[in-house]
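Below: the structure, in structure tokens.
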């Protein structure tokens with residue numbers, strides 16, 4: 001390397017050596033507090049307690065609770081296949097009082113989302129945003 | 001060295017190197033797929049491809065970024081540097097598979113252009129926890145593509161080594177983008193402390209190696225050759241230069257390599273015309289200074305590459321007085337013949 005490149009090199013790494021670790025730590029610290037495990041098929045073992053059933057448009061939404069762990073499940077069944085339809089699913093509860101994206105409803109007939117009860121408590125509101133038809137619907141689960 | 005452009009300058013070393021490299025790539029992907037299928041039997045093929053290529057490309061990028069500073073800290077790593085471009089292009093190929101499959105998986109089923117969807121499907125650009133991390137990966141892949149495309153010697157010669165080198169230092173921007181892409185993407189989604197620790201370790205390792213190498217170079221540049229007579233600076237005693245090797249002195253912000261060979265001493269610019277490699281860390285092979293990075297050669301007395309090659313280096317005047325090597329930092333035009341200083345028996349201690 002020539003002198004100027006060596007100097008630039010040192011300057012760049014003095015900055016990166018501070019910024020990059022800081023960025024990694026900050027990114028980790030601001031990780032959203034609600035862990036979401038989205039299953040893309042119905043093979044996930046369903047929780048035994050069926051707490052609520054709601055039917056809306058093309059979907060049936062079952063809210064299930066675990067007897068052993070502080071978790072709940074959203075079991076969402078699509079009644080009819082809808083090609084090219086993308087639906088975003090958001091959740092809101094009195095614990096985290098803002099809409100949080102929890103996933104996209106795919107063309108699978110059944111999808112299960114597992115949520116921690118530590119971060120969501122009743123009543124739970126779901127918002128389904130249909131990008132194809134540019135519609136949204138809010139459902140309250142008690 | 002080659003007198004004409006060839007797509008890939010294969011030789012025995014590069015064939016062995018690339019065989020090991022692609023063997024490792026295939027082994028990694030195979031093992032990754034097997035472990036994933038065992039741990040997550042429901043995982044789709046697309047997801048396995050996206051995950052395996054992302055982790056592999058990230059690992060390869062770390063290896064690539066370690067090679068430069070390791071070579072500056074220890075010459076034993078130089079064979080890795082010789083083939084770094086092949087490693088870089090291979091890493092880009094792996095990263096491209098990750099990028100293309102991700103766009104297909106996450107952005108091709110909507111009613112807008114998949115590439116446009118990368119930028120518009122999530123517009124939380126002011127949120128750290130919901131930032132559209134795929135955009136960062138997209139720009140990093142563009143930089144890696146530009147580097148892979150211009151990695152050939154054709155571009156090196158046409159852009160000039162200085163511009164080419166500056167262009168390829170964009171890899172640090174790509175690295176910063178990829179680290180952020182990984183942190184705001186998989187680490188936040190997976191909530192995994194292990195991923196966080198691995199990424200942080202990688203970042204600290206790369207930063208520490210680059211800083212250590214840069215400070216070593218800075219110390220070399222900071223040596224002051226105070227003793228001066230008639231424009232000549234006292235560099236060292238003749239015995240300090242090993243046979244067929246050089247010592248490097250930094251005078252007036254320019255590094256000069258002083259070579260001892262065949263009972264003579266000559267000095268040329270330390271900067272190789274090919275990729276600015278450190279000629280002073282090379283040796284004399286077949287009567288020519290040979291760059292330790294890619295084997296470019298120059299005659300020590302006039303700094304010219306042997307015919308039919310046309311590269312030329314600046315040359316410098318050297319004197320040997322009472323066992324001491326004196327160097328004039330006012331260089332001559334590139335390719336100017338300078339009579340080598342002769343080492344007499346009494347010059348040796």
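What follows draws every value from the coordinates through simple rules; no lab data is involved. Here the structure is a predicted model, which means the values were calculated and not measured. Counting neighbours? That spans all protein chains shown, and the Cβs are built from the backbone with ideal geometry, glycine included.
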In vacuo Debye scattering of the protein assembly as shown, one point per C-alpha: log10 I(q)/I(0) at q = 0.05 Å⁻¹? -0.30
Give the angle, between 0 and 90 degrees and rounded to the nearest 10, that separates the Cα long axis of helix B:171-182 from the longest principal axis of the Cα atoms of chain B. 20
Using the Cα gyration tensor of segment B:150-226, with a ≥ b ≥ c the square roots of its eigenvalues, what is the shape: rounded (a/c below 1.5), prolate (a/b larger than b/c) or oblate (neither)? oblate
Treating the angle as unsigned and between 0 and 90°, give the value, to the nearest 10°, between the Cα long axis of helix B:84-107 and the longest Cα principal axis of chain B. 20
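Peptide B:159-166: average number of partner chain Cβ atoms within 10 Å per residue? List each step's numbers first, then the result.
On the way: counts 0, 0, 3, 4, 0, 0, 5, 3.
The mean count of partner-chain Cβ atoms within 10 Å per residue comes to 2.
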Packing rank of B:34-40, B:332-338, B:107-113, A:87-93, where each peptide gets the mean count of other beta carbons within 10 Å, highest leading: A:87-93, B:332-338, B:107-113, B:34-40
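Please tell me the relative contact order of segment B:216-349 in percent, rounded to the nearest whole number, where contacts are Cα pairs under 8 Å and at least six residues apart.
Values: 311 pairs, mean separation 30.6, N = 134.
Computed over segment B:216-349, the figure is 23 percent.
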Could you work out how much longer the chain between residue B:20 and residue B:193 gets when fully extended? Use 0.36 nm per residue separation minus the Cα distance between them, nm to one decimal. 59.1 nm
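Taking 41 Å as R0, compute the FRET efficiency from the Cβ-Cβ separation of residue B:139 and residue B:30 and round it to 0.05.
Numbers: r = 30 Å, r/R0 = 0.74.
Between residue B:139 and residue B:30 the formula returns 0.85.
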Under a 10 Å cutoff between Cα atoms, tell me which one of B:261, B:298, B:125 has the largest fluctuation in the Gaussian network model of chain B. B:125
By how many degrees, between 0 and 90 and to the nearest 10, does the Cα long axis of helix B:12-39 differ from the longest principal axis of chain B? 20
Helical mean residue ellipticity (222 nm; -39500 (n - 2.57) per DSSP H run of 4+; nearest 500) of chain B: -16000 deg cm²/dmol
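Using a 10 Å cut-off around each Cβ of peptide B:253-265, what is the average number of partner chain Cβ atoms that fall inside? Working shown, then result.
Working: counts 5, 2, 4, 0, 0, 0, 0, 0, 0, 0, 0, 0, 0.
Rounded to a whole number, the mean comes out at 1.
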What's the center-to-center distance, using Cα atoms, between segment B:177-240 and segment B:128-165 in Å? 21
Starting from the Cα of residue B:12, step 7 Å along the direction of its Cβ; do the same at residue A:54; then give the gap between the two resulting points in nm. 7.3
Hey, what's the Kirkwood Rh for segment B:131-286 if you take every pair of different alpha carbons, in angstrom? 19.3
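Ignore the peptide's own chain and count Cβ atoms of other chains within 10 Å of each Cβ in A:15-21; give me the average, rounded.
On the way: counts 2, 10, 7, 1, 5, 13, 6.
Per residue, the number of nearby Cβ atoms from other chains is 6 on average.
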